[in-house]
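Report on the structure given below.
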């Protein structure tokens with residue numbers, strides 16, 4: 001293969017690495033979910049597989065081309081699992097603090113700031129990401145609602161203080 005042909009194959013891998021970085025940033029860093037990666041990576045994987053079969057670049061480069069979307073999806077899914085565990089743990093801390101506040105005052109707090117510093121040192125975030133990371137809390141008509149977003153903006157996990165159980169919306 002010519003030097004120009006080698007450069008073209010390298011450019012294809014370079015574009016894949018840039019695409020992987022973009023998906024990792026958007027899904028992994030910005031939203032801490034897997035929404036776009038779960039759509040893009042399988043298509044990208046198949047495209048890389050077909051492209052490698054047509055161009056026959058050699059096993060090493062073909063595995064690299066196919067491995068980049070698979071690795072990207074694996075990293076995003078692992079980050080999502082970790083972030084969801086963090087959100088679940090932090091939400092449980094907030095729930096415990098709200099219930100302790102309720103036991104002491106006979107009502108639930110109207111705002112999570114009322115829990116600081118006596119029940120919580122600070123209001124924890126749901127996920128460590130740039131997107132909507134916080135635990136949402138509303139107090140309407142004496143009934144508190146707590147939720148966090150699993151996949152922004154729609155898939156949300158709600159906690160029912162009366163039934164003391166989780167449910168999902170969207």
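Do we find that residue 63 is under 26 Å from the mean Cα position of the chain (by Cα), in a helix (DSSP H, G or I) and either under 23 Å from residue 129 (Cβ atoms) or at pLDDT 80 or above (or both) in this structure? Quick ask: steps written out before the conclusion?
Numbers: under 26 Å from the mean Cα position of the chain (by Cα): no; in a helix (DSSP H, G or I): yes; either under 23 Å from residue 129 (Cβ atoms) or at pLDDT 80 or above (or both): yes.
Judged against the criteria, residue 63 is not a match.
For the stretch 156-168, give me the residue count where each residue is out of contact with any strand residue (DSSP E or B) (no Cβ under 7 Å at 6 or more places or on another chain) and either in a strand (DSSP E or B) or at positive phi (or both). It would help to see each step written out before you state the result.
Here is the first cut: in the stretch 156-168, the residues out of contact with any strand residue (DSSP E or B) (no Cβ under 7 Å at 6 or more places or on another chain) are 162-165.
Next, only the ones that are either in a strand (DSSP E or B) or at positive phi (or both) stay: 164-165.
Of the residues in the stretch 156-168, 2 are out of contact with any strand residue (DSSP E or B) (no Cβ under 7 Å at 6 or more places or on another chain) and either in a strand (DSSP E or B) or at positive phi (or both).
May I ask you to say which residue of 99, 88 is out of contact with any strand residue (DSSP E or B) (no Cβ under 7 Å at 6 or more places or on another chain), assigned by TED's automatic domain parsing to the domain that holds residue 146, part of a helix (DSSP H, G or I) and farther than 20 Å from residue 128 by Cβ?
Values: 88 fails: farther than 20 Å from residue 128 by Cβ.
Testing whether each residue is out of contact with any strand residue (DSSP E or B) (no Cβ under 7 Å at 6 or more places or on another chain), assigned by TED's automatic domain parsing to the domain that holds residue 146, part of a helix (DSSP H, G or I) and farther than 20 Å from residue 128 by Cβ leaves just 99.
Working only within the stretch 36-83, note down all residues that are crowded, with 18+ Cβ neighbours inside 10 Å and in contact (Cβ under 8 Å) with a residue 40 or more places away in the chain.
Residues satisfying the conditions are 37, 57, 64, 65, 68, 69, 72, 76, 79, 80, 83.
Could you list, in sequence order, the residues of the stretch 79-93 that are over 18 Å from residue 168 (Cα atoms) and in contact with a helix residue (DSSP H, G or I) (Cβ under 9 Å, 6 or more places away or on another chain)? Talk me through it step by step, then tell me what you get.
Taking the stretch 79-93 as the starting set, the residues that turn out to be over 18 Å from residue 168 (Cα atoms) are 79, 82, 93.
Listed by number, the list holds a single entry, 79.
Restricting the search to the stretch 24-41, which residues are assigned to a helix (DSSP H, G or I), touching a helix residue (DSSP H, G or I) at 6+ places or on another chain (Cβ under 8 Å) and modelled with pLDDT under 85?
Here is the first cut: in the stretch 24-41, the ones assigned to a helix (DSSP H, G or I) are 24-31, 35-41.
Next, from what is left, pick out any that are touching a helix residue (DSSP H, G or I) at 6+ places or on another chain (Cβ under 8 Å): 24, 26-28, 35-38, 40-41.
Selection gives 26, 27, 28, 35, 36.
Kindly indicate whether residue 121 is more than 16 Å from the chain's Cα centre (by Cα), surrounded by fewer than 18 Cβ atoms within 10 Å (Cβ to Cβ) and part of a loop (DSSP other than H, G, I, E, B).
Numbers: more than 16 Å from the chain's Cα centre (by Cα): yes; surrounded by fewer than 18 Cβ atoms within 10 Å (Cβ to Cβ): yes; part of a loop (DSSP other than H, G, I, E, B): yes.
Yes, satisfied.
Does residue 72 fit the bill of being closer than 29 Å to residue 167 by Cα and assigned to a helix (DSSP H, G or I)? Outline the logic, then answer.
Working: closer than 29 Å to residue 167 by Cα: no; assigned to a helix (DSSP H, G or I): yes.
Against the criterion (closer than 29 Å to residue 167 by Cα and assigned to a helix (DSSP H, G or I)), residue 72 does not qualify.
Please tell me if residue 127 is over 20 Å from residue 168 (Cβ atoms) and not in a helix (DSSP H, G or I).
On the way: over 20 Å from residue 168 (Cβ atoms): no; not in a helix (DSSP H, G or I): yes.
So residue 127 does not fit the description; no.
Out of all the residues in the stretch 13-20, is one or more farther than 14 Å from residue 71 by Cβ, modelled with pLDDT under 80 and surrounded by 15 or more Cβ atoms within 10 Å (Cβ to Cβ)?
no
Which of the residues belonging to the stretch 156-170 are touching a helix residue (DSSP H, G or I) at 6+ places or on another chain (Cβ under 9 Å) and surrounded by fewer than 18 Cβ atoms within 10 Å (Cβ to Cβ)? So that I can check it myself, show each step before the final result.
Kept after step one, since they are touching a helix residue (DSSP H, G or I) at 6+ places or on another chain (Cβ under 9 Å), are these residues of the stretch 156-170: 157, 159, 161, 164, 166.
161, 164, 166 - these are the residues of the stretch 156-170 that are touching a helix residue (DSSP H, G or I) at 6+ places or on another chain (Cβ under 9 Å) and surrounded by fewer than 18 Cβ atoms within 10 Å (Cβ to Cβ).
The values are calculated or read from the model by the stated rules, or taken from the named source; none is laboratory data. The shown structure was predicted, so the numbers you read here are calculated from the model rather than taken from an experiment. Positions of Cβ are generated from backbone atoms using ideal geometry, with glycine treated the same way; all protein chains shown enter the neighbour counts.
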